[in-house]
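Quick notes on the structure that follows.
The values are calculated or read from the model by the stated rules, or taken from the named source; none is laboratory data. On a predicted model such as this, the values are computed, not experimentally measured, just so you know. When we count neighbours, we look across all protein chains shown, and the Cβ atoms used for this are built from the backbone with ideal geometry, even at glycine. Side chains included, ligands, DNA and RNA excluded: accessible areas come from the protein's heavy atoms. Shrake-Rupley method; radii C 1.70, N 1.55, O 1.52, S 1.80 Å.
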Amino acid sequence: QVQFVESGGGLVEPGGSLRLSCAASERLFTIYSMGWYRQAPGKQRELVAQIITSTTHYAESVKGRFIISRDNDKNMVYLQMNSLKPEDTAVYYCNSPSRPSLWGQGTQVTVSS
């Protein structure tokens, strides 16, 4: 089963930016779609960004601020997060909507002044 390892989270002030990375344990080109999810305290995990081959989709709450990308040669998926808001605070995970795997540890993103 493919494994995903997330990194790049941290503490950032409102309006700041972060770039999250996700390393896949097998060849990414074999996975049709990849996504970034997040789970805030007391809330359900939600899909915020998805990339299907090269087509991207975003939740309304992050549209225009987040950008998902993938590098099949490096088996990596990225999430560029700009104009961060306190409500973006959550643990962020990557996984495949088309081929779900076990959840990794995630990476904590905290947006606070």
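Observations, loosely collected:
- Selection within the range 53-69 - of a type outside the set (Ser, Thr, Tyr) and either touching a helix residue (DSSP H, G or I) at 6+ places or on another chain (Cβ under 6 Å) or over 17 Å from Phe4 (Cβ atoms) (or both): His57, Ala59, Glu60, Val62, Lys63, Gly64, Arg65, Phe66, Ile67
- Selection of the range 2-39 for residues being in contact with a strand residue (DSSP E or B) (Cβ under 8 Å, 6 or more places away or on another chain) and of a type in the set (Gly, Ala, Ser) yields Ser7, Gly8, Gly9, Gly10, Gly16, Ser17, Ser21, Ala23, Ala24, Ser25, Ser33, Gly35.
- Among (1) over 15 Å from the mean Cα position of the chain (by Cα); (2) buried (at least 17 other Cβ atoms within 10 Å of the Cβ), the one test that Arg27 misses: (2)
For every residue, the table says whether it meets (1) of a type outside the set (Asp, Glu); (2) open to solvent by 50 Å² or more (accessible area, probe 1.4 Å); (3) part of a loop (DSSP other than H, G, I, E, B); (4) touching a residue at least 60 places away in the same chain (Cβ under 8 Å).
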| residue | (1), (2), (3), (4) |
| --- | --- |
| Tyr37 | yes, no, no, no |
| Gly42 | yes, yes, yes, no |
| Ala49 | yes, no, no, no |
| Thr56 | yes, yes, no, no |
| Cys94 | yes, no, no, yes |
| Ser101 | yes, no, yes, yes |
| Gln105 | yes, yes, yes, yes |
| Val109 | yes, no, no, yes |
| Ser113 | yes, yes, yes, yes |
